[in-house]
1. Run down His104, His85 and say which single residue is under 13 Å from the mean Cα position of the chain (by Cα) and closer than 20 Å to Gly40 by Cα.
2. Would you check if there is a residue in segment 33-48 being surrounded by 14 or more Cβ atoms within 10 Å (Cβ to Cβ), under 14 Å from Trp118 (Cα atoms) and over 12 Å from the mean Cα position of the chain (by Cα)?
3. Out of everything in segment 62-105 that is loosely packed, with under 14 Cβ neighbours inside 10 Å and touching a Lys or Arg at 6+ places or on another chain (Cβ under 9 Å), what residue ends up being nearest to Lys135 (Cα to Cα)?
4. Among the candidates Arg51, Arg101, Arg65, Arg106, single out the residue that is among the basic types (Lys, Arg) and touching a Gly at 6+ places or on another chain (Cβ under 7 Å).
5. Which ones in segment 9-19 are of a type outside the set (A, V, I, L, M, F, W, C), surrounded by 13 or more Cβ atoms within 10 Å (Cβ to Cβ) and free of Cβ contacts under 8 Å to residues at least 24 places away in the same chain?
6. Among the residues of segment 44-62, are any in contact with a strand residue (DSSP E or B) (Cβ under 6 Å, 6 or more places away or on another chain) and among the charged types (D, E, K, R)?
7. Do we find that Val33 is closer than 20 Å to Ser89 by Cα, in contact with a Phe, Trp or Tyr (Cβ under 8 Å, 6 or more places away or on another chain) and β-branched (Val, Ile, Thr) in this structure?
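Read-outs throughout are calculated quantities, based only on the coordinates presented, and are distinct from any laboratory measurement. None of these values were measured; they are calculated from a predicted model. Neighbour counts are summed over all protein chains in view; Cβ atoms, including those assigned to glycine, are modelled from backbone coordinates with ideal geometry.
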Amino acid sequence: MAQFDPQQVLDTYIAAVLAKDVEAFVALYDDQVCVFDMWGEWAYQGAEAWRGMVTGWFGSLGTERVQVEMQDVQTVLTDQLALIHASVSYSGLSAEGVKLRSMHNRLTLVCQPTNGGWKIIHEHSSSPVDLATSKMILQR
């Protein structure tokens, strides 16, 4: 089994989002992945459900792209499991590369070795909620 490289996972995630490459993005995930996303669904069970969300997200962008930046990346590695957590910013870019808007959230990825290499088996994204307004805080 190949050594786990958390930076390779993050670099592939970042590049796939920027390129709106559904196949490269979904290839990071195990077929049985469970994703706790922030938007619309309580959970996505399995790669095909996740693929549907990703296809919709990338397709909704039109000519815009999304630049992902990871900050405060922490990892925990064992032979059988890897954990990555980070603060993440997602910035909407115009077709000309101009930053239009951005949001931040927290991301946790749990990876496990499989026959095809290391795959994400669980993803959890979140943002804190303002107690006074019950609105998500999307800026750090």
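1. On the way: His85 fails: closer than 20 Å to Gly40 by Cα.
Result: His104 is the single residue among His104, His85 that is under 13 Å from the mean Cα position of the chain (by Cα) and closer than 20 Å to Gly40 by Cα.
2. Yes, that holds for at least one residue.
3. Gln71
4. Working: Arg51 fails: touching a Gly at 6+ places or on another chain (Cβ under 7 Å); Arg65 fails: touching a Gly at 6+ places or on another chain (Cβ under 7 Å); Arg106 fails: touching a Gly at 6+ places or on another chain (Cβ under 7 Å).
After applying the criteria, what remains is Arg101.
5. Taking segment 9-19 and keeping what is of a type outside the set (A, V, I, L, M, F, W, C), we get 11-13.
If we keep only those that are surrounded by 13 or more Cβ atoms within 10 Å (Cβ to Cβ) too, we end up with 12-13.
Hit for segment 9-19 is Thr12, nothing else.
6. There is no residue in segment 44-62 that is in contact with a strand residue (DSSP E or B) (Cβ under 6 Å, 6 or more places away or on another chain) and among the charged types (D, E, K, R).
7. Answer is no for this residue.
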